[in-house]
Amino acid sequence: MSAGRRRAWGGGIPFLIVVGLYFAVPLIATGLFSLWEGGSRYGPAAYIAVVQQAPLWASLFLSFRLALETILVGLVILVPAVFWMHLRTPRLKPVFDFISVLPFVVPPVVLVAGMTALYTGPDWLVSTPNYLVIPYVILALPYTYRALDVGLRALDVRTLTEAAQNLGAGWGMLVFRVVIPNLTTALIGAALLTIAIVMGEFTFANILLFNTFAVYINYIGGTAATQAAALTLLSFVITWLAMTGVLLTGRGQVQIGGAR
Amino acid sequence: MVETGQVLTAATARPAPWQLSAAGRRARAATVATALFVGPFLLYVTAFLVLPALRLLTQAFSGAKGGVTLQYVAELAEPQVLHAFANSILLSAFSALVGLIVGGLTAYFAMGPNAPRGLRSFVTTFSAVAANFAGVPLAFAFIATLGSLGMITVWLKQWGIDIYAAGFSLYSLSGMVLVYAYFQIPLMLIVIAPALEGLRREWREAAENLGASAGDYWRHVGLPILLPSLLSAYILLFGNAFSAYATPYALTSGSLALVPIEISNVLSGNVMLAPQTGAALSIGMIVVMVVVMALYAVIARRVNRWGRR
Amino acid sequence: MRSGWGPGTGRRDVLKLGLGAGALAAMPALSHRAWAAGGADDATLIAAAKAEGGLNTIALPPDWANYGEIIKTYQDKYGIPISNASPDASSAQELQAIRSLKGQRRGPDVVDVGPSFALIGAGEGLFQPYKVSVWDTIPDDMKDAGGLWYGDYFGIVSLGVNTSAVKNPPKSWADLKKPDYKGMIALNGSPLGAAAAFAGVFAASLGNGGSLDDIGPGIQFFAELAKSGNFTPVAATAASITSGQTPIVINWDYLNLAQAQKTKGMLKIDVVIPEGAPPFGNYYCQAISKYAPHPEAAKLWQEFFYSDQGQILLLKGFAHPARFADMVSRNVIPADVMAALPPAEPYKNVKFPDSEQTKKAQKTLAEQWSKLVKS
């Protein structure tokens, strides 16, 4: 058994090295440029300049906060729906599938125009950045839906449900104590993807005049060249830390494969 | 179910519970439960996606001075538009395939049951970050590496290898597939992870006990079980590439004709504003997606044999 | 209710009308006042603007035509805070922001859009009319007769050259065809989506036998550059010219000059106006949003913008202000500002395309660009 395991793992190393290089080299190129200070001087001047800009941190925290709110709203709406669809109404699947790809083909400008024309909304919502959460849930929909879909498919939802109900569980206990702990990987994946999307979303925030992280990065990108590269790598590291945080929070709940 | 049925039907006002048969009660409870679970989702999507997007339909068919016209939709048949659609579809299909295969293999090696634990977390986190690393920063990174004056291009030239003379171009369809892979592969990794977890080790052990080799296992057990999830992931990768705008624009300024860039030029640009053309192009994109989804539904039905329990 | 010079009009009506007109002229803070007599120093306008408490601007990058200093000077001079959002918004997005934020206190007060968008915005009723006190000194071909929009500054197409990567910079359009510049020449975006790129193709047309009515030779020129490999389709940015990825960028003169100034310690960027060719220029337009939450502050902004002080600040950002000819004739431009500008010759004969010529060129570009220009 252990020989088989070592065999399977060993075969992957050259492949992983090539893939690793593919991902690392462009980052290294960006890094080299971010350290350039003119002529042949290299130094951290760009990083120092970037880190000192207060609007940068403000926009970063705003985007991160919006990301967390989007995850919350998105999962609350989506998890019951996808769960029920898998369990009871598989005939709704084509509807779900089509809806989940619509955000890909509706241009963001059209969505903004349509939303703001239809809903002039309560002022306390519309004039704050929290308003962005509403379209962000839609933009993250394709990714979160697929993540949950794949996750639920890997579970045998019907058997789980029957077993739980035979043991006397109500719907609440079933969803919160049985299904969700089994979906941890999918939920984490959905959360990570949502954060990625919200941190990178530009058009909505730009038109509605909110200063999110992506808006700020774009602005720096158009002005200071080395600072833009420095900011790219910095946001890479910051997002990494955020994702690790999410991962650790999620992993703490249940051991992977624990349900088996 | 009886328990739930009693609770829910007590709350409804129409035909009194004792007037419904047990089956009727169950059916009533089922629809209410469906509404409870699925309702908020459908409401949300209708309100904030479908309704705002309906303007596309009205705009695509309305003339500049009001009235209905097919002129803008007819423009979709013009050669440069068809060319853009062809490019978009090819780019999406191929980059999704690259993401599927390379991402799938990477997921298996790095996140499979045999991989060391630290590598798995590293790869997951990196994928989450890289899936977002698109647009101008990605374009800059690749131009700096493989552009006509890029680091690697120049380094290879010193060894006598001129990749641009040999026909490679970062700004062509194949170059774009190479760049797109940077966010397609991580996306695939994140989405397929739960499906890989669903491949129980016991199945592998059972297969080996019955004398199957690794190849046999994958051909008869592993891949058939994974296939529905792989298809699902492919659709996501396709859509992701289909709608990508910032990366190809930064790389090629639209010289490689792609539909999202054409749409952005007429809806969100600095030179012209043509809402009807943009709406017609978007309708074209929706049609393409509908066709892709229809194909997906057909294939998925045949492949889902293993999923029906 | 029809009032007018009908048969029933008598002395009393005239008196009423006269009183009304007098009252109108006397009331200072009416939103439909035509202009402020004192311009940027008009006390009543300043008081009204200060009472509003702020100004919302949109799409004004700080190093685009020196907007950073203009915003700061306005804030310091009048004590009115400016909230400048979305510096990277396109003209289409600016119009959409006006529509989407209608009725909200966060909506944009003033916009700076390209001429085609100014026409569209005026047609859609997104702007409110206002004529600054120096209205007459703005050239006629740069403003709307009804005061809905007015040109603020113009520039001509130039070549920005990173001299570390390019040993002998090109001097004319024909030079760009030389094999020394392989893979070096870039526009700042798609000519169908970026105004400077559109201007670049138009300028190439003027430099190769075309005219404002015919952008064809420009497309041909870029098709040749693309075929020979000199033209790279990358969308040039500050990062790409500084890093040497796109060492030759065809862009507005004020943008190339501002970039050159910014990289002074790090590397030398030359800004070249192509020789031997009629220059192509275009202008941007200021307008006040119809739903401006701070209309008086917006009017004060326009007054300040078009005052001598404001226009000289534009010149410091290397952008030629709309009232350039008027200011030169009155000799009010400081010598050091003039010295930092490129030589005056090309700017004397700049002609802007009118909306018909622009639309025709857009149509030709849409049909032919992706077909002919393949890299």
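With respect to C:G107, determine if the residue is at positive phi and in a loop (DSSP other than H, G, I, E, B). Steps first, please.
Values: at positive phi: no; in a loop (DSSP other than H, G, I, E, B): yes.
The answer is no for C:G107.
Meeting the requirement of 3 or more residues that are closer than 17 Å to C:A186 by Cβ and out of contact with any Leu (no Cβ under 6 Å at 6 or more places or on another chain), the strands (runs of 3 or more DSSP E) wholly within region C:235-304 are C:248-252.
For region C:323-345, indicate whether the set of residues that are in a loop (DSSP other than H, G, I, E, B) and buried (at least 22 other Cβ atoms within 10 Å of the Cβ) is non-empty. If you could, list the steps in order and put the result at the bottom.
So the first thing to find is which residues in region C:323-345 are in a loop (DSSP other than H, G, I, E, B), and the list is C:323, C:330-334, C:341-344.
Add one more test, that the residue is buried (at least 22 other Cβ atoms within 10 Å of the Cβ), and what stays is C:323.
Checked region C:323-345: at least one residue is in a loop (DSSP other than H, G, I, E, B) and buried (at least 22 other Cβ atoms within 10 Å of the Cβ).
Pairs linking a residue in region A:109-128 that is over 23 Å from B:Y245 (Cβ atoms) to a residue that is in a loop (DSSP other than H, G, I, E, B) and not aliphatic (A, V, I, L, M), with Cβ atoms under 6 Å and 6 or more positions apart or on different chains, are A:S127/C:Q104; A:S127/C:R106.
Under the condition of being in contact with a strand residue (DSSP E or B) (Cβ under 9 Å, 6 or more places away or on another chain) and assigned to a loop (DSSP other than H, G, I, E, B), which residue from region C:41-60 is surrounded by the most Cβ atoms within 10 Å (Cβ to Cβ)? Restricting to residues being in contact with a strand residue (DSSP E or B) (Cβ under 9 Å, 6 or more places away or on another chain) and assigned to a loop (DSSP other than H, G, I, E, B), the top hit is C:A59.
When we screen C:G244, C:G209 for residues that are of a type outside the set (A, V, I, L, M), farther than 14 Å from C:L365 by Cβ and without any contact (Cβ under 8 Å) to a residue 40 or more places away in the chain, the only hit is C:G209. Taken over region C:350-375, the criterion of being in contact with a helix residue (DSSP H, G or I) (Cβ under 8 Å, 6 or more places away or on another chain), more than 9 Å from chain B (Cβ to nearest Cβ) and assigned to a loop (DSSP other than H, G, I, E, B) is satisfied by C:F352, C:P353, C:D354. The conditions of being surrounded by 21 or more Cβ atoms within 10 Å (Cβ to Cβ), in contact with a helix residue (DSSP H, G or I) (Cβ under 7 Å, 6 or more places away or on another chain), more than 30 Å from A:I180 (Cβ to Cβ) and at pLDDT below 90 are met by A:A46.
Would you mind stating whether B:L178 is surrounded by 13 or more Cβ atoms within 10 Å (Cβ to Cβ) and in a loop (DSSP other than H, G, I, E, B)? Can you show your working first?
On the way: surrounded by 13 or more Cβ atoms within 10 Å (Cβ to Cβ): yes; in a loop (DSSP other than H, G, I, E, B): no.
So B:L178 does not fit the description; no.
Within region C:79-104, the residues that satisfy the criterion of being over 18 Å from the mean Cα position of the chain (by Cα) and part of a loop (DSSP other than H, G, I, E, B) are C:G79, C:I80, C:P81, C:L101, C:K102, C:G103, C:Q104.
Do we have C:L176 as under 25 Å from the mean Cα position of the chain (by Cα) and either without any contact (Cβ under 8 Å) to a residue 12 or more places away in the chain or not in a strand (DSSP E or B) (or both) here? It is false that C:L176 is under 25 Å from the mean Cα position of the chain (by Cα) and either without any contact (Cβ under 8 Å) to a residue 12 or more places away in the chain or not in a strand (DSSP E or B) (or both).
Over 18 Å from the mean Cα position of the chain (by Cα) and either part of a helix (DSSP H, G or I) or among the hydroxyl-bearing types (S, T, Y) (or both) - does that describe any residue in region A:139-152? Step through it out loud before you land on a result.
Here is the first cut: in region A:139-152, the residues over 18 Å from the mean Cα position of the chain (by Cα) are A:152.
Narrowing further to those that are either part of a helix (DSSP H, G or I) or among the hydroxyl-bearing types (S, T, Y) (or both): A:152.
Within region A:139-152 (the criterion being over 18 Å from the mean Cα position of the chain (by Cα) and either part of a helix (DSSP H, G or I) or among the hydroxyl-bearing types (S, T, Y) (or both)), the answer is yes, since at least one residue qualifies.
Does A:T194 meet the test of being surrounded by 24 or more Cβ atoms within 10 Å (Cβ to Cβ), more than 9 Å from chain B (Cβ to nearest Cβ) and farther than 22 Å from A:T89 by Cα? It would help to see each step written out before you state the result.
Details: surrounded by 24 or more Cβ atoms within 10 Å (Cβ to Cβ): yes; more than 9 Å from chain B (Cβ to nearest Cβ): yes; farther than 22 Å from A:T89 by Cα: yes.
So A:T194 passes the test.
Exactly one residue out of B:V259, B:V266 is within 14 Å of chain C (Cβ to nearest Cβ), farther than 20 Å from B:L90 by Cβ and not small (G, A, S), and it is B:V266.
Within region C:70-98, the set of residues being more than 7 Å from chain A (Cβ to nearest Cβ) and either at pLDDT below 90 or closer than 16 Å to B:L273 by Cβ (or both) comprises C:S90, C:S91, C:A92, C:E94, C:L95, C:I98. Select from region C:159-187 the residues that are out of contact with any Leu (no Cβ under 8 Å at 6 or more places or on another chain) and polar (S, T, N, Q) and write down the one among them that is surrounded by the most Cβ atoms within 10 Å (Cβ to Cβ). Applying the filter and picking the extreme gives C:S172.
Residues checked against (1) surrounded by fewer than 23 Cβ atoms within 10 Å (Cβ to Cβ); (2) within 11 Å of chain A (Cβ to nearest Cβ):
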| residue | (1), (2) |
| --- | --- |
| B:T58 | yes, yes |
| B:V68 | yes, no |
| B:L76 | yes, no |
| B:L105 | yes, yes |
| B:A141 | no, yes |
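Beta carbons closer than 9 Å, at least 6 apart along the sequence or on distinct chains, never pair a first residue in region A:215-229 that is at the interface with chain C (Cβ under 7 Å from one of its Cβ atoms) and under 18 Å from A:G200 (Cα atoms) with a second that is of a type in the set (D, E, K, R) and part of a helix (DSSP H, G or I). Restricting B:A244, B:A294 to residues that are under 22 Å from A:T144 (Cα atoms), part of a helix (DSSP H, G or I), more than 8 Å from every other protein chain (Cβ to nearest Cβ) and under 21 Å from the mean Cα position of the chain (by Cα) narrows the list to B:A294. From the list A:F61, A:F96, the one residue that fits, being within 29 Å of B:A244 (Cα to Cα), more than 9 Å from chain B (Cβ to nearest Cβ) and without any contact (Cβ under 8 Å) to a residue 60 or more places away in the chain, is A:F61.
Against the criterion of being crowded, with 24+ Cβ neighbours inside 10 Å and either on the phi > 0 side of the Ramachandran plot or not in a helix (DSSP H, G or I) (or both), B:G278 does not qualify.
The residue list B:A84, B:A134, B:A107, B:A166 contains one member that is aliphatic (A, V, I, L, M), part of a helix (DSSP H, G or I), farther than 20 Å from B:P194 by Cα and assigned by TED's automatic domain parsing to the domain that holds B:A193, which is B:A84.
Taking into account only those residues within region C:325-340 that are among the aliphatic types (A, V, I, L, M) and in contact with a helix residue (DSSP H, G or I) (Cβ under 7 Å, 6 or more places away or on another chain), which is farthest from the other protein chains (Cβ to nearest Cβ)?
Only one residue fits best here, namely C:V332.
Within region B:158-212, the set of residues being away from chain A (no Cβ under 14 Å), among the polar types (S, T, N, Q) and free of Cβ contacts under 8 Å to residues at least 24 places away in the same chain comprises B:Q158, B:S169, B:S174.
The values are calculated or read from the model by the stated rules, or taken from the named source; none is laboratory data. Every value quoted in this text rests on a predicted model; they were computed, and no experiment measured them. A quick note on method: Cβ atoms are made from the backbone with ideal geometry, for glycine too, and the neighbour counts reach across all protein chains shown.
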